[in-house]
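The values are calculated or read from the model by the stated rules, or taken from the named source; none is laboratory data. Quick caveat: nothing in here was measured; it's all calculated off a predicted structure. Every residue, glycine among them, receives a Cβ derived from its backbone with ideal geometry; neighbour counts consider all protein chains shown. When the accessible area is computed, the model is the full protein with side chains, heavy atoms only, and any ligands, DNA or RNA have been set aside. Shrake-Rupley method; radii C 1.70, N 1.55, O 1.52, S 1.80 Å.
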There are 4 protein chains.
Amino acid sequence: MEQKLADKIKKINEEHLKMTDKQSRIIEVAIEEFSQNGFASTSTSQIAKKAGVAEGTIFKHYKNKKNLLLSIVTPTMTKLVAPFVMDGFDTVFDQEYKTFGDFLRAILKNRFEFMKDNLSILKIFMQEISFHPELQESYKEYIAQPLFKRLEDTITHFQEKGEIKELPVHTVIRFTVSTVMGLLFSRHIVSTDASWDDKSEIEMTVNLIVNGLSPES
Amino acid sequence: MEQKLADKIKKINEEHLKMTDKQSRIIEVAIEEFSQNGFASTSTSQIAKKAGVAEGTIFKHYKNKKNLLLSIVTPTMTKLVAPFVMDGFDTVFDQEYKTFGDFLRAILKNRFEFMKDNLSILKIFMQEISFHPELQESYKEYIAQPLFKRLEDTITHFQEKGEIKELPVHTVIRFTVSTVMGLLFSRHIVSTDASWDDKSEIEMTVNLIVNGLSPES
Amino acid sequence: MEQKLADKIKKINEEHLKMTDKQSRIIEVAIEEFSQNGFASTSTSQIAKKAGVAEGTIFKHYKNKKNLLLSIVTPTMTKLVAPFVMDGFDTVFDQEYKTFGDFLRAILKNRFEFMKDNLSILKIFMQEISFHPELQESYKEYIAQPLFKRLEDTITHFQEKGEIKELPVHTVIRFTVSTVMGLLFSRHIVSTDASWDDKSEIEMTVNLIVNGLSPES
Amino acid sequence: MEQKLADKIKKINEEHLKMTDKQSRIIEVAIEEFSQNGFASTSTSQIAKKAGVAEGTIFKHYKNKKNLLLSIVTPTMTKLVAPFVMDGFDTVFDQEYKTFGDFLRAILKNRFEFMKDNLSILKIFMQEISFHPELQESYKEYIAQPLFKRLEDTITHFQEKGEIKELPVHTVIRFTVSTVMGLLFSRHIVSTDASWDDKSEIEMTVNLIVNGLSPES
DNA sequence: TATGAATGAGAATTCATTCAT
DNA sequence: TATGAATGAATTCTCATTCAT
């Protein structure tokens, strides 16, 4: 698994380098339009016009409209979960953490920036996943399963250490993930608000999760 | 506000009664298709065919495709938050609750069924809200604001009683709402799974929230 | 001919009396809309809505949309030329006139008001005549031919008296009719202008025609 | 003004040269159909079929049906009045004329052919002008105003020379224009008639106008 | 690699007309 | 006499995609 993913990411980066000017403008515009109007409501001609290329050019690079969508979404989603899954590539999550809170803090510190930088793509992904079996497939294989596996291991580990209540693992995961997603979501909505402070919001969120899961209650 | 909402709901019900046979078939099919394929990817001819009516009939009743969408989504969303906002109409949330947990339990008992019954419409709403300013407007006015107000009051109340940690109210709300939404969302995905038990999942979720928010930590 | 026309007009008036309230509202609105947007661009539902009747009602009274058009246009056009054609009904143009100028003045005095009162219908007629064979038929039979005949007689008469130049009759008619139509047309366009004076404009126009046709030049 | 118009006409000609084969077929057929059935009663599918192109092709070149109409009508109307307005482009009307009759004769000689060649477009223009504000605008700016200005100057000139009666200028213009339009209109209707003789009809018409306007009466 | 003319299927919407009440 | 729900054909227009240059 890890090797496969490493190859995938290598390929992604290589393809990104090969991109012509026009190609990257297409991608850039497509991200903007898809996230703003939705995939189905964005026309290829709209993209072509805004990107300053001919209609045909899009189809020279991406044989389909759907193919364009996948070319935008899958690389980013793959990169998003890479650190969770890959040994040796990024060692952040490889080490043992003393507490579950430390683990969460490490994840958030590492992935929060990435998610913020790719919010448009994340939005497209969440909007479209339920309509495209191809997305669902790669979601399951490359994101849900590895992530679930990693979290399951960690949670069980801390349950054995007595730091986390003895609830069904999926309940713990659900609680953790939805709280984190809630944080990201809020952050996205109020992003212009100057009063928002990433660090303290992350800290509070981690505490809420850890408290919620702590056995003594 | 309460009177306005009461009128709104009365009108919704009246209009529902006036519906022709064909009209309700249109609505029924539209809900199914919109939630399955998305609004933009569902054609009116598709709806007409499945509902067994002429395409023109749809437009006799709903002057737009968008109008059809709104006619589906807004009434249900209005009904969803009605108990939070209306005094005297439904007294469930009027009374004082001893603990924040009791309050959450009351809400979930009362609204969880409703949400389960209207999951398709809820899905349509969440998919489409970011693309339709009209939806955003009525969401803000009829859902977000009243709900926020109600939660804010309750949370401040329990913070004063020392039952909830002294965090910013919006952080508490975000944590609570996203945890509850996570519950609903999971429930939706694994709905076919026989092992799922609403009652105990609700109970666990309430405990996670209450623990997370409890001051002693 | 005269008897047929008299019967026609009698019938028109009778039918007008039999009209229900709704029916006359339909006619009224149809005239307004047809002249404003054109026949083809006016929908029956538009008329129904503006007239405050059900869509079906229009078709109870006029089996077709085209039938509605004809019901509006033909009676008025028939009435317009009636005085030219009918002996004994309206004697205005029966008498001998001393000069061609007197003849024109008599016509204009008599018919100018009528045309002003029915400008909308006149406009509809002129817009639609080239697209509807039925209109062309009745135009030829009831308007063009009798009018041409009457003018031909009169012009020949005054040519024999030496008052009108010896030009081809159709040239004289064309010149006369187009000048008169030009007057009506201008009057229609500047109708709001306070400076317009029907009497003097008519007088000037008659003089221009008479001068133009006078032999000494 | 003159420069602006010169640019306009240059642009018109350039755009005409750039036209695809299919594009000119579309225009050709559209002219025919619009003038025959009216703009509103001509469907784009009808045009497409007759022109042997796909319906979409029409909309690639003219984004609207109305845009197609304007693309047909405005260039021709602009060309029609060009000689009146442009100094140095066509000097026909630049010189001083000895008599008003000479002036009219020059105009008719020069423009009658053009009008005959573009009768269909002229008809479309006259049919549609009252329904399309865009047409009215460009009519006022590019046709009515310049033409009126030119005629006003000329007429005042000949009034000062004592050749034209002292009537209000607009009355003189109206009389002149409607008589000329009457000529064109008749010519259009009886165009198949072998007995029609352009030269002599024009001569008679000029005389009628000059006589009508001559002061001695 | 890039263009843009051309396509034809299909989208939303309109329309005149019918018919049961 | 009047209604208005219902129709289905037609209308304008859009779209993803192809292909010759």
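Return the aspartates and glutamates within reach of B:LYS18: Cα separation strictly under 17 angstrom, same-chain partners fewer than 8 residues apart disregarded; answer none if there are no such residues. Partners found: B:ASP7, B:GLU28. Legend: calculated FRET efficiency, D:LYS66 to D:HIS16, from the Cβ-Cβ distance at R0 = 25 Å, rounded to 0.05, equals 0.80. With the simple model of a label 7 Å out from the Cα in the direction of the Cβ, B:GLU55 to B:SER130 spans 3.1 nm. Ligands, DNA and RNA excluded, the heavy atoms of D:HIS170 present near 90 Å² of accessible surface to a 1.4 Å solvent probe. These residues, D:MET115, A:MET126, go from largest to smallest accessible area, 1.4 Å probe, as A:MET126, D:MET115. Between the alpha-carbon centres of region C:96-159 and region B:55-80 there is a gap of 55 Å.
Solvent-accessible area per residue in chain A equals 51 Å², computed with a 1.4 angstrom probe and all protein chains kept.
Between chain B and chain A, the total buried accessible area stands at approximately 2500 Å², from heavy atoms with a 1.4 Å probe. Translational diffusion coefficient of the protein assembly as shown (Stokes-Einstein, Kirkwood radius from Cα pairs, 20 °C, 1.002 mPa s): 61 µm²/s. Please report, as a whole percent, how much of the solvent-accessible surface of the protein assembly as shown comes from carbon and sulfur atoms (probe radius 1.4 Å). About 54 percent, which is the carbon plus sulfur part of the accessible surface. Computed with every protein chain present, the accessible area of C:GLU33 is close to 10 Å² [probe 1.4 Å].
With each run of n ≥ 4 DSSP H residues scored as -39500 (n - 2.57), what mean residue ellipticity at 222 nm is computed for chain C after dividing by its residue count and rounding to the nearest 500 deg cm²/dmol? Please report the intermediate quantities before stating the final value.
Values: 11 runs with 157 residues, N = 217.
Taking each H run of at least 4 residues, the total per residue is -23500 deg cm²/dmol.
Is there a pair in A:LYS11/A:LYS50; B:LYS79/B:LYS109; B:LYS8/B:LYS116; D:LYS10/D:LYS140 whose C-alpha atoms are over 19 Å apart, and which pairs would that be? Kindly include the intermediate steps, with their values, before the conclusion.
On the way: A:LYS11/A:LYS50 28 Å; B:LYS79/B:LYS109 16 Å; B:LYS8/B:LYS116 23 Å; D:LYS10/D:LYS140 21 Å.
Listed pairs above 19 Å: A:LYS11/A:LYS50; B:LYS8/B:LYS116; D:LYS10/D:LYS140.
Comparing D:PHE131, D:PHE100, D:PHE114 in a Gaussian network model of chain D where C-alpha atoms under 10 Å apart are linked, the largest mean-square fluctuation is found at D:PHE131.
For peptide B:199-211, what's the mean number of Cβ atoms from other chains within 10 Å of each residue's Cβ?
On the way: counts 0, 2, 4, 0, 0, 7, 5, 0, 4, 14, 4, 3, 10.
That works out to 4 on average.
For peptide A:178-188, how many partner chain Cβ atoms fall within 10 Å of a residue's Cβ, on average? Walk me through the numbers before you get to the answer.
Working: counts 12, 9, 2, 4, 11, 4, 1, 4, 7, 1, 0.
Other-chain Cβ atoms within 10 Å of each residue's Cβ, averaged: 5.
The mean number of partner chain beta-carbon atoms within 10 angstrom of a residue's beta-carbon across peptide B:168-177 is 5.
Taking a straight line from the alpha carbon of D:LYS22, these aspartates and glutamates sit under 13 Å away, with near neighbours fewer than eight places off in the same chain left out: D:GLU55.
With contacts defined as alpha carbon pairs under 8 Å and 6 or more residues apart, what's the relative contact order of chain A in percent?
Numbers: 155 pairs, mean separation 44.4, N = 217.
Relative contact order of chain A: 20 percent.
Would you mind checking region B:130-173 for residues with the amide N under 14 Å from a putative spin-label position 7 Å along Cα→C-beta of B:HIS188? Residues B:130 fall inside that zone.
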